[in-house]
Amino acid sequence: MIEIRLLRQFVAVAEELHFHRAAERLHMAQPPLSQAIRRLEAEIGAPLFVRNNRNVALTLAGVSFLETARNVLGALETGVEQARRVASGTSGSLKIVFVGTLHFNFLPRVVQAFRSRLPDVELTLREATTTEQIAALKAGLADIGLMRRPGVAVPELVFERIAREEIMVALPEGHAQAAKQRVPLAALAEDDFIATPRSEGVGFYDQMIALCNAAGFSPRIVQEARQIETIAGLVAGGLGIALVPASVRQGLRDGIVFRQIVVEGTGDASFLDVLAAWDASRPTPARDKFLDIVRTTSSLIS
């Protein structure tokens, strides 16, 4: 293997066509430089220079090798600079998984801020349930997840609350409680409920059940759907009601209204936490830059 140092020395002599000037340019003595070029020629197996007492010139092999040496050194410099940028988090790629409701307003704000500050980082975004996100993070298929509380212990990951979101009730337009701005949850005890399956998000599901229990009833869940848009469509179609994050209002559709719920004595239980989650054992500088931006985004989603 030819040393990078020899390539730099060869290029200096080839550009100067003068060993003394090349040695000065390299901040070294001339005899070691001459020895280095002879060693390079021995490794290649061909003379690279024609030398006499008055002139130094490149051979045909030297002309050919000069192009190669410049390309190698240029690629090395580019690679070093790229590695430094990746290490600083200003370049590279970042794979993000997120729960669907965040795409209404929170995620676009964060992504826009990130792109404006770090345009050279390639972002890959994929919607996924909390359960799917945890699996992706543990398998190294994602760098960061934006999720609800998982409802189970996941010691392999770090979790940080980055925002809160109010829980609202989605009602068909013609519902008896639709005229109110704030609806007592107890007033919905006889309604049919639509929800995401517990297996897709234990934390949110259990929080919904706990709120209903605090209001004095157990919800009668008649339909389940994985996507929040599907749940909204079922509500608009009159198949039931649903407890949903407030951000769903941003995708408001005909035939559905969203109202605040009232459950006495539950305090923050009527708010959903949005968590960032990541595997700290996998250092990802771009992820750390993304987290900095996420932390400065409004803490209450509406």
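Each of residue 124 and residue 189 was given a label point 7 Å from its Cα along the Cα-to-Cβ line. The distance between the two points is 5.1 nm. Using the Cβ-Cβ distance between residue 63 and residue 88 with R0 = 41 Å, the FRET efficiency computed as 1/(1 + (r/R0)^6) comes to roughly 0.60. Against the set (i) 1.65; (ii) 1.44; (iii) 1.14, the structure's computed Cα Rg over 2.2 N^0.38 Å falls on (i).
Membrane-span-like helices in the chain, defined purely by DSSP H runs whose alpha carbon atoms cover 15 Å or more axially and whose average Kyte-Doolittle hydropathy reaches -0.5, are 4-16, 30-44, 60-88, 106-117, 202-214, 285-296. Average 1/r across all pairs of distinct alpha carbons in segment 4-88, invert it, and you get the Kirkwood radius: 13.6 Å. When 129, 124 are sorted by how many other C-beta atoms sit within 10 angstrom of their C-beta, beginning with the fewest, the order is 124, 129. Are there any GluC sites (Glu not before Pro) in segment 120-198 that are in a DSSP loop and have at most 10 other Cβ atoms within 10 Å? List them by number. Listed in order of number, the matching sites are 190. On the principal axes of its alpha carbon atoms, segment 89-230 extends 54, 32, 23 Å, with the longest extent given first. When both bridge partners sit in the chain, DSSP labels roughly 55% of those beta bridges antiparallel. Overall dimensions of segment 146-302, expressed as equivalent-ellipsoid semi-axes from the Cα gyration tensor (√(5λ), whole Å, largest first), are 30, 16, 15.
One Cα centroid belongs to segment 1-65, the other to segment 206-235; the line between them spans 77 Å.
Every helix of 4 or more DSSP H residues in the chain counts as -39500 (n - 2.57), and over all residues that averages to -12500 deg cm²/dmol at 222 nm.
Throughout, read-outs are computed from the coordinates displayed, never taken from laboratory work. All figures in this text were calculated on a predicted structure; none of them were measured in a lab. Don't worry about glycine lacking a Cβ; one is built from the backbone with ideal geometry, like all the others, and counts go over all protein chains shown.
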